[in-house]
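This report concerns only the one structure given below.
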């Protein structure tokens with residue numbers, strides 16, 4: 001019996017493409033949710049920092065962040081006290097507090113995209 005490796009390779013490559021596309025799409029969706037949740041925690045005075053939040057897709061991953069020169073400093077100092085109950089770790093905490101939800105997003109997203 002002869003095994004046609006070309007057909008097998010073709011199907012593997014199709015699946016690889018679907019998984020890769022699903023990975024970026026699901027990661028982008030998770031990034032958007034992290035950004036949404038962080039909007040409730042990011043320090044807010046004039047709104048410049050809060051309004052600079054974005055989700056950026058790259059070839060291999062997704063970057064969620066705020067684009068002001070002081071964003072990292074405010075994020076990395078949870079001891080700072082801000083008005084309206086806002087705080088540091090405004091990206092890290094929503095991720096930590098919702099890790100199981102994000103895992104579920106990935107599981108469901110992969111199943112949806114590889115069908």
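None of the figures in this text is laboratory data; all of them are computed from the coordinates on show. Keep in mind that this is a model prediction, so the values were computed, not measured. A quick note on method: Cβ atoms are made from the backbone with ideal geometry, for glycine too, and the neighbour counts reach across all protein chains shown.
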- line: To the nearest 0.05, the calculated FRET efficiency linking residue 5 and residue 32 through their beta-carbon distance, R0 being 41 Å, is 0.50
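Can you pull a Stokes-Einstein diffusion coefficient for the chain at 37 °C (0.692 mPa s), Rh from Kirkwood over Cα pairs, as a whole number of µm²/s?
Working: Rh = 16.3 Å.
My calculation gives 202 µm²/s for D.
For residue 57 and residue 40 in one chain, what is 0.36 nm times their gap in residues minus the Cα-Cα distance, to one decimal in nm? Walk me through the intermediate numbers first.
Working: separation 17, 0.36 × 17 = 6.12 nm, distance 2.27 nm.
Answer, rounded to one decimal: 3.8 nm.
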Estimated distance in nm for a label pair at residue 112 and residue 73, the labels positioned 7 Å out from Cα along Cα-to-Cβ: 4.0
task: Run the quick spin-label model on residue 48 and residue 96: label points 7 Å from Cα toward the beta carbon, then report their separation in nm to one decimal.
output: 2.9
query: Cα axis of helix 5-38 to longest principal axis of the chain: angle in degrees, 0 to 90, nearest 10?
result: 10
- prompt: Given Cα pairs under 8 Å that are at least 6 residues apart, what percent is the relative contact order of the stretch 14-113?
  reply: 34
